[in-house]
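Student: Please find one structure pasted underneath; my questions will follow.
The values are calculated or read from the model by the stated rules, or taken from the named source; none is laboratory data. Since we're looking at a predicted model, the values are computed, not measured. Counting neighbours? That spans all protein chains shown, and the Cβs are built from the backbone with ideal geometry, glycine included. Accessible surface is based on the protein model in full, side chains and every heavy atom, while ligands, DNA and RNA are left aside. Shrake-Rupley method; radii C 1.70, N 1.55, O 1.52, S 1.80 Å.
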2 protein chains.
Amino acid sequence: MGGAAASGDSGGPEADARTAGEVLAGYLHRQSGDFLRSLRLHRESGSDAQGADEAAWQLRAAARRISATLHTFRSLTDEAWADQLLAELGWLSGTLAREHACAARRSRLMAALQRLTTPAANAPAADPDAESALSAGAARAGALLDRQLTLARTRAHSAALQALGSSRFHAVADSVAVLASEAPLTHAAADVPAVEALPQLAEQAHRRLAEAVTALPLSRAGHPYNADALAADHRQDTPWHQVRMLVRLSRYAQEVIAPGHGDPRLADAGHALERHRDAAEAAAAASAAARTPRIAPATAYALGVLHADQRHEVEAARFAFGRVWLPRGKGGGPHG
Amino acid sequence: MGGAAASGDSGGPEADARTAGEVLAGYLHRQSGDFLRSLRLHRESGSDAQGADEAAWQLRAAARRISATLHTFRSLTDEAWADQLLAELGWLSGTLAREHACAARRSRLMAALQRLTTPAANAPAADPDAESALSAGAARAGALLDRQLTLARTRAHSAALQALGSSRFHAVADSVAVLASEAPLTHAAADVPAVEALPQLAEQAHRRLAEAVTALPLSRAGHPYNADALAADHRQDTPWHQVRMLVRLSRYAQEVIAPGHGDPRLADAGHALERHRDAAEAAAAASAAARTPRIAPATAYALGVLHADQRHEVEAARFAFGRVWLPRGKGGGPHG
């Protein structure tokens, strides 16, 4: 997490004297540096797949922070310029994220299949019929998912390489390089003290988050085993995904105004919602695999079990989010 | 121990004066009366299916209480006679329970399928592919389960009718009728005061229950979404089923020594474990249906989802049991 940790030094009293423009420019400068450095690492990684993965991950981390900053503190930037870069960073992050997501989804589903078919230790006499039925289906389901997700990953990898070689990407990199030298901020940003302008905008981001959380069925999600997430209708996931984005904006806004002093509960809330997203996507992959023509009923059965298992992970992640968000009382949430 | 604590009942001073034999004979007399009355009702119910169901339910309830009493207070009865009746009541209850269980399992699975395929209210745009896939499979899975469980129910119904007309059953009814007039108790039972002999035996029953609970993975079950119950290996259910029986013995023992003062938490614990058993059996039925030859993959998929859903109900029931059992602290459980 380069951004937060690396800048968690200078901090308080010094920041008080700086203008909003200085603080923003400093933060964007560091993120821009991380972005360009990881881009170079990615190019130099050659056949080192792990190195390339790591570099891509850091590139996306920097891109996310730049996007979040341009979004939250938009009124202090050249808005047309910021909006343009935001859109392009969205395209880039989306393209680069896909390969990693396919690999992570595959790992998650294989681990779940493993868990579902491993007998408990010290268990008394078994029902061999029932077990071998699931095991046979699970092995085939695993092979099917492996094939489908490996193919998807290969495609995502090609798309990412193509994107990184495109003129569209070079334009994005040029724009990010601008942030390293002279971030296009407003005159107002150069005039107003950081402590006056920035916390207010960060607070707005947090307010949008708190409002979105209010719309979630949190009290229901707080009852374990409510079985909500397994309903056929996965449109219910959307507001949770929305909150995940808002948590991220709020977290990075805190990082700008108080580096190294982020609320750990905001990070925990973000992790719960990332798990929510991952499980929802894994469930969808299991469900999609079950629609492959001509699969055996045992394979389809195992995919059904797997789908339900991941939807329960979705429910568990909502429960975990509620536990992170609610303990300080009704109104609140982290720094509420 | 609740039995002891609760025995300060309305009948207190009066009960204090009675012998163990009087209390036991009185309880068995009432249960025997219930048994014979519900048997008559069942015979007279004719084509009134609901009436027959209710009568069978009452017959089983009385049989359960007689069994539990003979079991817990066995040392105060003619043991050979009690053991013989216990075995026969076990046969009868098992035979009569099957029809009801098939009907309840069918209802439970149909309700689950309904829940799994009903879209949430006020949801945004859907993924029609994913939904229609599950819906189509769910409809077929429902039809398959309906067929299989209705057939099983019909068979159980015939078996129950046959049992009720058998000479074996008439012998059981004769033995139960004996309890109404002169329960075969020991001389010791006629000599010892109820307050001396009965709470001690009830306490033994509760101790056996408490020991069996100690062997359950309760602290793990107390963590919501531990995903234990979905493992391929359902042998893990056995100790929970065992505890369900022991809860019942403890509950009926309390009923004998302090009628109307049962610990409500013991009843709640029993309900949680009944739900545990019902869900486990429903999951097994879904899994068995998936092994029907020549079913469509979509049907198998829906059965897999259903199986996992019911196994999560199993996990939820364990969690509920833990919540009932543990709140008073480490050692305890109800009246611990």
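Student: Roughly how many percent of the accessible protein surface of the protein assembly as shown is carbon and sulfur, given a 1.4 Å probe and a whole-percent answer?
Tutor: Using a 1.4 Å probe with all protein chains present, the protein assembly as shown comes out at 54 percent carbon and sulfur.
Student: Per 0.36 nm of contour for each residue apart, how much would the distance between A:H241 and A:T150 grow if the chain were fully extended, relative to their Cα-Cα spacing?
Tutor: Here the segment from A:H241 to A:T150 would lengthen by 30.2 nm.
Student: Dividing the convex hull volume of the Cα atoms of the stretch A:10-82 by its residue count, what figure in Å³ per residue is obtained?
Tutor: Cα-based convex hull of the stretch A:10-82, divided per residue, equals 96 Å³.
Student: Could you pull the copy-to-copy label distances for B:D78, with points set 7 Å along Cα to Cβ, in nm to one decimal and sorted shortest first?
Tutor: 10.5
Student: Can you tell me the orientation of helix B:49-72 relative to chain B, as the angle in degrees between its alpha-carbon axis and the longest Cα principal axis, to the nearest 10?
Tutor: Orientation of helix B:49-72: about 50 degrees from the principal axis.
Student: Per residue of B:282-290, what is the mean number of Cβ atoms on other protein chains within 10 angstrom of that residue's Cβ?
Tutor: Partner Cβ neighbours, averaged per residue: 3.
Student: State, to one decimal in nm and shortest first, how far the label point of B:L161 sits from each corresponding label point in the other identical copies (label point: 7 angstrom along Cα-to-Cβ).
Tutor: 7.3
Student: At q = 0.13, 0.21, 0.27 Å⁻¹, what log₁₀ I(q)/I(0) does the stretch B:164-227 have when each alpha carbon counts as one equal point scatterer in the Debye sum?
Tutor: Per q value, in the given order, log10 I(q)/I(0) is -0.72, -0.92, -1.07.
Student: I'd like to know which of A:L59, B:T77, A:H206 lies farthest towards the positive end of the charge dipole of the protein assembly as shown, counting +1 on Cβ of Lys and Arg and -1 on Cβ of Asp and Glu.
Tutor: So the residue furthest toward the plus end is A:L59.
Student: Subtracting the Cα-Cα distance from 0.36 nm times the residue separation, let me have the gained length for A:H29 to A:M110 in nm, one decimal.
Tutor: Values: separation 81, 0.36 × 81 = 29.16 nm, distance 4.05 nm.
Fully extending the segment from A:H29 to A:M110 adds 25.1 nm.
Student: Relative to the Cα centre, what is the charge dipole magnitude of chain B, using +1 at the beta carbon of each Lys and Arg, -1 at the beta carbon of each Asp and Glu, and rounding to the nearest 20 debye?
Tutor: Values: 36 positive and 36 negative charges, 193 e Å.
Dipole of chain B, to the nearest 20 debye: 920 debye.
Student: Treating the point 7 Å from Cα along Cα-beta-carbon as the label, what are the nm separations from A:R208 to the other copies, to one decimal?
Tutor: 6.5
Student: Kindly provide log₁₀ I(q)/I(0) values, in the same order as q = 0.13, 0.18 Å⁻¹, from the Debye equation applied to equal alpha-carbon scatterers of the stretch A:199-260.
Tutor: With no solvent term, the Cα-only Debye profile gives -0.45, -0.71.
Student: Could you give the Stokes-Einstein D for the protein assembly as shown in µm² per second, using the C-alpha Kirkwood radius, 4 °C, 1.567 mPa s?
Tutor: My calculation gives 44 µm²/s for D.
Student: Write down the accessible area per residue of the stretch B:177-320 in Å², having rolled a 1.4 Å probe over the full set of protein chains. Present the calculation step by step, with values, prior to reporting the outcome.
Tutor: Details: 5470 Å² over 144 residues.
Per-residue accessible area for the stretch B:177-320 comes out at 38 Å².
Student: Right, another one. Using the Kirkwood radius over Cα pairs, work out the Stokes-Einstein diffusion coefficient for chain A at 20 °C and 1.002 mPa s, in µm²/s as a whole number.
Tutor: 97
Student: When the helices in the protein assembly as shown are scored as -39500 (n - 2.57) per DSSP H run of 4 or longer and the sum is shared across all residues, what 222 nm value do you end up with, to the nearest 500 deg cm²/dmol?
Tutor: Calculated at 222 nm, the ellipticity per residue is -26000 deg cm²/dmol.
Student: Also, quick follow-up: Just the Cα atoms of the stretch A:159-285: what Rg and Dmax do they give in Å?
Tutor: For the stretch A:159-285, the Cα radius of gyration and maximum Cα-Cα distance read 19.2, 54 Å.
Student: Any idea what angle helix A:167-181 forms with the longest principal axis of chain A, computed on alpha-carbon atoms, 0 to 90 degrees, nearest 10?
Tutor: 50
Student: I've got another one for you. Which whole number gives the average, over all residues in B:74-85, of C-beta atoms from other chains lying within 10 Å of the residue C-beta?
Tutor: Neighbouring Cβ atoms belonging to other protein chains average 0 per residue here.
Student: Rank-order B:35-45, A:197-207, B:279-289, A:294-304 by packing density, defined as the average count of other C-beta atoms within 10 Å over each peptide's residues, highest first. Let's see the in-between values first.
Tutor: Numbers: B:35-45: 16.9, A:197-207: 18.7, B:279-289: 22.8, A:294-304: 25.2.
For the peptides B:35-45, A:197-207, B:279-289, A:294-304, the packing ranking is A:294-304, B:279-289, A:197-207, B:35-45.
Student: Helix A:297-325 versus the longest principal axis of chain A: what angle, 0 to 90°, nearest 10, using Cα atoms?
Tutor: 40
Student: Moving on to the next point. Just counting partner chain Cβ atoms within 10 Å, what average do the residues of peptide B:307-315 show around their Cβ?
Tutor: Whole-number average of other-chain Cβ neighbours for B:307-315 is 5.
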